[in-house]
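Below: the structure, in structure tokens.
Every read-out reported here was derived from the displayed coordinates using simple, explicitly stated rules and does not represent laboratory data. What you are looking at is a predicted structure, and each value in this text was computed from that prediction instead of being measured. Here the Cβ positions follow ideal geometry from the backbone for every residue, glycine too, while neighbour counts run over all protein chains shown.
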Amino acid sequence: MRKITSQILKINTSDPNDTRRGELLNILLIGVAGLTILMLVATALIKIIIPESELSGELYLGGILLLSGIIILFAINRYRSVQTASTLFHSALYHRLSS
């Protein structure tokens, strides 16, 4: 289990500071992805249990788009630039919290 976790979090860079930042960003991304999946499952269960509930498809679409963005940021963070992924994550978070 520890080996799998370290492989998921691993960042290939020579700068130890970038490695630390990249691993922390991966932890945040995995956490947000887990919460998003939990939200999608809970929404589906509510829709199954209470079919007349007023949950719209926009909630599912938002969750799927959020997961797609997380996967893209994870790939940028792991294979390209930690700085770019970090900047995009913070920009998206700031934009979402300020609206």
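Data for the structure
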item	result
Residue of LEU25, LEU55, LEU73 that the Gaussian network model of the chain assigns the largest fluctuation, springs spanning Cα pairs under 10 Å	LEU55
Total charge dipole magnitude, the chain, about the Cα centre, Cβ charges on Lys, Arg, Asp, Glu only, Debye to nearest 20	480
Shape call, region 54-99: gyration tensor on alpha carbons, a/c limit 1.5	oblate
Relative contact order, percent, the chain [alpha-carbon distance under 8 Å, six or more residues apart]	31
Calculated SAXS-style log₁₀ I(q)/I(0) at q = 0.14, 0.16, 0.24 Å⁻¹ - the chain, Debye, Cα scatterers	-0.62, -0.75, -1.23
Spin-label pair THR43/ILE4, simplified geometry with 7 Å Cα→Cβ offset, distance in nm	2.7
For region 2-98, with +1 on Lys and Arg beta carbons and -1 on Asp and Glu, the positive-most of LEU29, PRO51, PRO16 along the dipole	PRO16
Within a Gaussian network of the chain (alpha carbon springs, distance under 10 Å), most fluctuating of GLY57, GLY34, GLY69	GLY57
